[in-house]
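The values are calculated or read from the model by the stated rules, or taken from the named source; none is laboratory data. Note that the coordinates shown come from a computational prediction; the quantities given were computed from them, not determined experimentally. Virtual Cβ from ideal backbone geometry, glycine too; neighbours counted across all protein chains shown.
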């Protein structure tokens, strides 16, 4: 009886030892895989030790995948970026990504590559239209505008745009030009008021003064306007 009990005890102990060993192997494998994925442990092919901290990192042109460093497939006219996000490559200046390849940018006449090198901009005096650069027609007495909107030109001082032309603004005597696209294009000087296409002197009645615009009058304090004069209220 004691012999059988001892045999069972030894068998149970052996089973426990085997189970513990298998569990140890499983944990060790998980740790090895985890270290590999995290860039730790022995460096795989096409990898190097990190310049700071521990672990390893893939060489330029390679990217980590399940503990290995796989080559990034860089298409023609592109370069490897050596970053862990994105495609892993970028097109060279003058080329643009399209369906996984780098196609040459077709720069139209009177245009040049933009500062990023992945598009184009029309030269001064031209504007993009239907994939080309059309010349901006500047009328007489006008000049090229720096604005990206509008017709691409502005009128010189003393002129205003009307029907695609720059028409001279007729400024009457005792008036001055104002650079506005609406109204008459001029204003009367201080002490004068508009009357048709002229500026006439303002007759300031007694007990009154020119208002803040300088183109009309108002009564002094304590006086009230009555027609063309200023009277004390009754």
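Values as computed for the structure displayed
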item: Residues that are closer than 27 Å to residue 156 by Cα and exposed (fewer than 14 other Cβ atoms within 10 Å of the Cβ), drawn from region 195-212; result: 195, 196, 197, 198
item: Every residue from region 61-86 that is part of a loop (DSSP other than H, G, I, E, B), in contact (Cβ under 8 Å) with a residue 12 or more places away in the chain and farther than 18 Å from residue 46 by Cβ; result: 75, 76, 77
item: Listing of strands (runs of 3 or more DSSP E) fully contained in region 183-231 that carry 3 or more residues being under 15 Å from residue 173 (Cβ atoms) and either over 51 Å from the mean Cα position of the chain (by Cα) or in contact (Cβ under 8 Å) with a residue 12 or more places away in the chain (or both); result: 186-188, 192-195, 198-201
item: Residue that is farthest from residue 89 (Cα to Cα) [pool: residues in region 49-60 that are touching a residue at least 12 places away in the same chain (Cβ under 8 Å) and assigned to a loop (DSSP other than H, G, I, E, B)]; result: 54
item: Subset tally (residues that are surrounded by 11 or more Cβ atoms within 10 Å (Cβ to Cβ), at pLDDT 90 or above and touching a strand residue (DSSP E or B) at 6+ places or on another chain (Cβ under 8 Å)) for region 146-165; result: 9
item: Count - residues of region 179-194 that are within 22 Å of residue 161 (Cβ to Cβ) and surrounded by fewer than 12 Cβ atoms within 10 Å (Cβ to Cβ); result: 3
item: The listed residue being in contact with a strand residue (DSSP E or B) (Cβ under 6 Å, 6 or more places away or on another chain) and more than 30 Å from residue 201 (Cβ to Cβ), out of 116, 126, 85; result: 126
item: Answer from 53, 41, 67, 3 - the residue that is modelled with pLDDT under 80, outside the structural domain of residue 116 (by TED's automatic domain parsing) and in contact with a helix residue (DSSP H, G or I) (Cβ under 8 Å, 6 or more places away or on another chain); result: 41
